[in-house]
Amino acid sequence: MNAVLDLVGVALVVIATLLIGVYGLRVSRTTSDFFVASRTVRPVWNASAISGEYLSAGTFLGLSGLVLLDGARGFWFPIGYAAGYLLVLVFVAAPLRRSGAYTIPDFVEARLDSTVARRVTSLAVLIIGWLYIVPQLHGAGITLVVVAGLPEWVGAVTIAVLVAAAVAAGGMRAITFVQAFQYWLKLTALLVPVVCIAFALSGGPHDFDPALVFPAEAGPSGFDAYETASLLLALLLGTMGLPHVLVRFYTSPTGASARRTTVIVIAMVSAFYAVSSAMGLLARIAAPDLARPGVADTVVLQLPSRVFPGLAGEVLTALIVAGAFAAFLATSAGLVVSLAGVISQDVFSGSVRSFRLSAVLCALVPLGVALLTVPAGLVSSVGVVFVVAASTLSPVVLLGVWWRGLTARGAVAGMVCGGVATGLALLVHAAVDGVGIAAPYLAQPAAWTIPLATGVMVAVSLLDPRPSPRTDRFLARVHTPDRA
């Protein structure tokens with residue numbers, strides 16, 4: 001690796017982000033610009049921005065490492081990540097846009113006519129968002145440690161400061177331009193090295209034993225049925241509960257535009273996951289010694305130099321480092337935008353000034369957590385977020401759109417029950433270190449926490465049959481097709 005080239009790559013990404021952010025500042029003037037880009041983002045731009053923020057540090061660095069470690073088992077993550085958008089497309093994309101809301105708490109309050117339900121939703125949004133930002137900051141720290149030997153806190157602080165500045169300066173409209181650019185940068189940053197490495201390995205003396213690269217225990221025969229099903233359920237439904245994903249559908253001009261955006265997103269993220277997974281498979285051939293917990297997350301950064309010693313490998317590594325920082329910036333920016341909108345409306349006045357203050361606060365809190373904690377596996381850290389989102393926000397969004405009988409008390413009870421059950425399961429699993437017959441149910445609790453949260457919502461709503469008098473009018477609006 002060449003630290004100078006790597007830092008130049010990081011610097012170029014930072015400069016590009018700032019320049020695009022400055023351009024966004026020039027066109028961001030109204031409150032609607034800051035919260036939802038005045039609902040004028042067209043499908044291709046919006047899909048690029050959604051893909052840019054969705055493809056996080058866990059994907060850019062962690063997915064290849066997971067495939068290196070676990071073989072075919074690692075493919076469940078990209079399958080679940082991409083397929084989750086099918087559920088978003090079918091069930092919530094267009095209705096959320098037609099609701100006219102700015103944030104998920106806006107939607108819940110409009111649907112249930114309840115301030116308490118809004119506050120509980122806001123708390124869930126903040127917890128999910130901050131849990132998701134922390135792995136991005138850890139990933140930035142890991143990257144600078146590996147490529148430049150800098151202290152881990154440098155990467156975390158750099159990302160937090162840049163994101164806070166960009167979001168505060170231009171809001172959703174500016175961040176849309178930034179994230180769209182960063183998706184294409186990330187795809188290029190992995191695609192070029194993967195193609196080069198694949199050609200190099202196919203033409204050189206790299207004979208390998210298929211049984212060693214693709215061992216049976218890392219294939220379908222080694223899967224635990226419950227854990228696999230629970231993981232997929234979390235990934236599929238968790239996408240529907242991610243605040244930074246859902247808020248982007250409010251930026252579409254119409255519900256039909258939101259649907260078209262989702263279709264394009266599925267194609268974009270699938271293309272990226274194919275490239276990232278291919279990097280992990282190539283690493284099983286060229287760098288099997290990196291298949292160790294705590295080291296596998298660095299395989300994307302180390303593999304080019306293994307295959308191409310010298311300047312060529314250093315240039316490819318610098319390109320990957322630039323793409324990695326784009327991943328950290330894009331996802332963190334999307335999360336901070338969504339969280340700033342919630343805090344600005346629920347705590348402050350909902351003005352542009354309060355939005356900017358909220359953006360700074362939303363970046364500082366996860367930065368403090370990241371500086372005080374030790375990085376875990378990036379993919380597993382992001383997986384926890386999906387479980388929490390699927391057990392809290394996803395049921396209330398889905399039932400809020402499709403079931404007239406949902407009440408405010410039912411929604412609150414279900415979100416609290418799902419969140420507490422998920423948190424306790426994960427904490428107990430960490431405390432007992434996976435020992436005991438209950439370990440799979442604690443490590444992957446989605447298969448029982450999601451039905452629990454949904455069941456509580458339905459049961460309490462049926463016992464409290466007092467839907468808001470505005471329910472029928474609200475549901476008619478979100479389900480009425482857009483005018484041509």
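The values are calculated or read from the model by the stated rules, or taken from the named source; none is laboratory data. As the structure is a prediction and not an experimental result, all values here were calculated from the model. Reconstructed Cβ throughout: ideal geometry from the backbone, glycine too, with neighbour counts over all protein chains shown. Each accessible area value is taken on the protein alone, full model and side chains, heavy atoms only, with ligands, DNA and RNA left out. Shrake-Rupley method; radii C 1.70, N 1.55, O 1.52, S 1.80 Å.
Pairs linking a residue in segment 263-276 that is modelled with pLDDT of 90 or more to a residue that is charged (D, E, K, R), with Cβ atoms under 9 Å and 6 or more positions apart or on different chains, are 272/186. Is it true that residue 439 is open to solvent by less than 30 Å² (accessible area, probe 1.4 Å) and farther than 22 Å from residue 123 by Cα? So residue 439 passes the test. If you check 364, 393, 335 for being surrounded by fewer than 18 Cβ atoms within 10 Å (Cβ to Cβ), touching a helix residue (DSSP H, G or I) at 6+ places or on another chain (Cβ under 8 Å) and touching a residue at least 24 places away in the same chain (Cβ under 8 Å), only one passes: 364. Being within 13 Å of residue 325 (Cα to Cα) and open to solvent by 20 Å² or more (accessible area, probe 1.4 Å) is true of residue 158. You will find that of 169, 164, 156, 200, the residue that is in a helix (DSSP H, G or I) and at pLDDT below 80 is 169 and no other. Being open to solvent by 50 Å² or more (accessible area, probe 1.4 Å) and over 13 Å from residue 146 (Cα atoms) is the filter; apply it to segment 6-18 and report the residue that is farthest from the chain's Cα centre (by Cα). Step by step, filter segment 6-18, then rank; the result is 8. Checking each residue in segment 102-114 for being surrounded by 22 or more Cβ atoms within 10 Å (Cβ to Cβ) and either within 19 Å of residue 472 (Cβ to Cβ) or not polar (S, T, N, Q) (or both) picks out 102, 104, 105, 106, 107, 108, 109, 111, 112.
Residues checked against (1) over 30 Å from residue 331 (Cα atoms); (2) in contact (Cβ under 8 Å) with a residue 40 or more places away in the chain; (3) not small (Gly, Ala, Ser):
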| position | (1), (2), (3) |
| --- | --- |
| 408 | yes, yes, no |
| 441 | no, yes, yes |
| 462 | yes, yes, yes |
| 480 | yes, yes, yes |
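Please indicate, with yes or no, whether at least one residue in segment 43-60 is open to solvent by less than 40 Å² (accessible area, probe 1.4 Å), hydrophobic (A, V, I, L, M, F, W, C), in contact with a Phe, Trp or Tyr (Cβ under 7 Å, 6 or more places away or on another chain) and at pLDDT below 75. The answer is yes; a qualifying residue exists.
With the structure loaded, tell me whether residue 190 is touching a residue at least 40 places away in the same chain (Cβ under 8 Å), in a helix (DSSP H, G or I), aliphatic (A, V, I, L, M) and open to solvent by 10 Å² or more (accessible area, probe 1.4 Å) or whether it fails that test. Spelling it out, it is not the case that residue 190 is touching a residue at least 40 places away in the same chain (Cβ under 8 Å), in a helix (DSSP H, G or I), aliphatic (A, V, I, L, M) and open to solvent by 10 Å² or more (accessible area, probe 1.4 Å).
Taking segment 340-356, which residues are part of a helix (DSSP H, G or I) and touching a residue at least 12 places away in the same chain (Cβ under 8 Å)? Within segment 340-356, 340, 341, 342, 343, 344, 345, 346, 352, 355, 356 meet the criteria.
The listed residues are 337, 315, 388, 384, and the only one of them that is part of a helix (DSSP H, G or I), over 17 Å from the mean Cα position of the chain (by Cα) and among the β-branched types (Val, Ile, Thr) turns out to be 315.
When segment 449-473 is filtered for residues that are part of a helix (DSSP H, G or I) and open to solvent by 90 Å² or more (accessible area, probe 1.4 Å), the ones remaining, listed by number, are 462, 463, 473. Within segment 322-345, the only residue that satisfies the criterion of being under 15 Å from residue 279 (Cα atoms) and in contact with a Ser or Thr (Cβ under 6 Å, 6 or more places away or on another chain) is 324.
Condition first: farther than 15 Å from residue 326 by Cβ and at pLDDT below 80. Can you find one or more residues in segment 135-146 that meet it? Yes: segment 135-146 contains one or more residues that are farther than 15 Å from residue 326 by Cβ and at pLDDT below 80.
The condition of being more than 15 Å from residue 6 (Cβ to Cβ) and out of contact with any helix residue (DSSP H, G or I) (no Cβ under 8 Å at 6 or more places or on another chain) holds for only one of 293, 288, 253, 309, that being 309.
Among all positions in segment 125-134, there is no residue which is in a loop (DSSP other than H, G, I, E, B), open to solvent by less than 10 Å² (accessible area, probe 1.4 Å) and under 19 Å from residue 388 (Cβ atoms).
Of the residues in segment 341-356, at least one is open to solvent by 10 Å² or more (accessible area, probe 1.4 Å) and touching a Cys at 6+ places or on another chain (Cβ under 8 Å). Being open to solvent by 10 Å² or more (accessible area, probe 1.4 Å) and closer than 20 Å to residue 144 by Cα holds for only one residue in 316, 329, 282, and it is 316. Candidates are the residues of segment 222-251 that are outside any helix (DSSP H, G or I) and either at pLDDT 85 or above or not hydroxyl-bearing (Ser, Thr, Tyr) (or both); the one that is surrounded by the most Cβ atoms within 10 Å (Cβ to Cβ) is 242. Considering each residue of segment 400-412, count those that are open to solvent by less than 30 Å² (accessible area, probe 1.4 Å) and of a type outside the set (Val, Ile, Thr), and give that number. Going through segment 400-412 one residue at a time, the tally reaches 6.
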